[in-house]
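Structure first, commentary second.
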Amino acid sequence: MLGKFFQKSSNAESDRVPPGQYLAKGFPVLTYGQTPRIIQEQWQLRVWGLAKEKTFSWADFMAMPQHNFTADFHCVTRWSKLDVQWTGVKVTDFMQQVEIDPQAVHIMEHCYGGYTTNISLEDFLREENFFAHTLFGEPLAEEHGGPLRLVVPHLYAWKSAKWINGLEFLNREDFGFWERNGYHKRGEPWAEERYSM
Ligand SMILES: Nc1nc2c(c(=O)[nH]1)N[C@H]1C(S)=C(S)[C@@H](COP(=O)(O)O)O[C@H]1N2
Ligand SMILES: [Mo]
């Protein structure tokens, strides 16, 4: 398990690596299908369902408060990367501009290219979640989800939608792409919520 793709963790780091995970060298790319190419100026994110429909442009996102974030990243295929450095917009700041129906309890994340993943409203609204456009000080590369992706540090990274372009608010839980194909509906790495039985 060590060698080309994984590295050994120090004691301080190993406290931060969830069970069954190993530290990756570099930052692997994990994409199902093709990488969509999106021109930044044409990028949009639409909100609909149990929320007042609204479309956000790139300029809208740039006008929101910008922050730096350091977060650990855990892929269910067993690699983790600690202290990933991002810049972007907090989900909580973004949500100040979204009017949700009180019946909304769940969200489907939609992406350019057709990928979907579901998340509860409670998991989505966590203070530490953010939309990222910058990775280690560079514009977010296409293969990592540029121009903009979601990052949800407390869940496995398949919930961190790359090329995000929609949030559909729902009154019940629905399943996204991987969840329909056997992944756990929530995906909490410390509880090893990898697959559904
Ligand atoms: N749109 C989209 N988002 C996605 C994926 C994908 O295939 N398509 N893969 C997910 C998975 S399984 C992981 S581990 C992370 C990987 O992000 P990275 O390629 O930047 O490392 O993105 C997640 N977001
Ligand atoms: Mo993943």
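Odds and ends about this structure:
- Karplus-derived 3J(HN,Hα) values for the range 32-42, using 6.51 cos²θ - 1.76 cosθ + 1.60 with θ = phi - 60°, are 8, x, 7, 7, x, 9, 10, 6, 3, 5, 9 Hz; glycine and proline are entered as x.
- Anisotropy class of the range 151-197 from Cα gyration tensor, a/c 1.5 cut: oblate
- Across the range 107-119, rounded Karplus estimates of 3J(HN,Hα) from the backbone phi angles (6.51 cos²θ - 1.76 cosθ + 1.60, θ = phi - 60°) give 9, 9, 8, 10, 9, 4, x, x, 4, 9, 8, 9, 8 Hz, Gly and Pro being marked x.
- Label-zone membership for the range 148-176, site LEU125, 7 angstrom Cα→C-beta point, backbone N under 16 Å: 168-173
- Annotation: the antiparallel percentage among DSSP beta bridges lying fully within the range 42-191 is about 90.
- Dipole in debye (nearest 20) - the range 1-114, about Cα centre, beta carbon charges: Lys, Arg +1; Asp, Glu -1: 540
- A viscosity of 0.890 mPa s and a temperature of 25 °C, combined with the Kirkwood radius over Cα pairs in Stokes-Einstein, give a translational diffusion coefficient for the chain of 143 µm²/s.
- Only the Cβ atoms of Lys and Arg (+1) and of Asp and Glu (-1) were treated as charged; on that basis the dipole of the chain about its Cα centre amounts to roughly 600 debye.
- When a 1.4 Å probe is rolled over the protein heavy atoms, the share of accessible surface on the chain that falls to carbon and sulfur comes to 50 percent.
- Euclidean distance between Cα centres, the range 44-78 to the range 95-113, Å: 11
- With R₀ fixed at 41 Å, the C-beta to C-beta distance from ALA12 to ASP101 puts the FRET efficiency at about 0.40.
- Table column - 3J(HN,Hα) (Hz), the range 184-196, Karplus curve with 6.51, -1.76, 1.60, x for Gly and Pro: 4, 5, 10, x, 8, x, 6, 9, 6, 7, 8, 10, 8
- Residues whose amide H lies under 5 Å from that of LYS54, counting only those 5 or more places away or on a different chain, are VAL47; hydrogens are built 1.01 Å from N in the peptide plane.
- Here the spin labels are modelled as points 7 Å beyond Cα on the Cα-Cβ line, and at ARG172 and LYS185 they lie 1.1 nm apart.
- The chain, accessible area per residue, ligands and nucleic acids excluded (1.4 Å, Å²): 51
- Spin-label proximity, GLU138 to the range 18-39 - amide N less than 14 Å from point 7 Å beyond Cα toward beta carbon: 26-29
- Options SER80, ASN129, PRO139, ranked by Cα towards positive dipole end of the range 62-151, top entry (Cβ charges): SER80
- Over 19 Å between alpha carbons, listed pairs LYS25/LYS81; LYS81/LYS159; LYS25/LYS159; LYS90/LYS159; LYS159/LYS185; LYS90/LYS162: LYS25/LYS159
- For the range 154-190, the list of GluC sites (Glu not before Pro) that fall in a loop by DSSP and count at most 15 other C-beta atoms within 10 angstrom reads GLU173.
- Cut-off 16 Å (backbone N to label point 7 Å along Cα→Cβ of ASP83), residues of the range 17-51: 17, 23-27
The values are calculated or read from the model by the stated rules, or taken from the named source; none is laboratory data. Predicted model only: the values in this text are computed from it and were never measured. With ideal geometry, Cβ positions are generated from the backbone for all residues, glycine too; neighbour counts draw on all protein chains shown. For the accessible areas, the whole protein counts, side chains as well, though only heavy atoms, and no ligand, DNA or RNA atoms are used. Shrake-Rupley method; radii C 1.70, N 1.55, O 1.52, S 1.80 Å.
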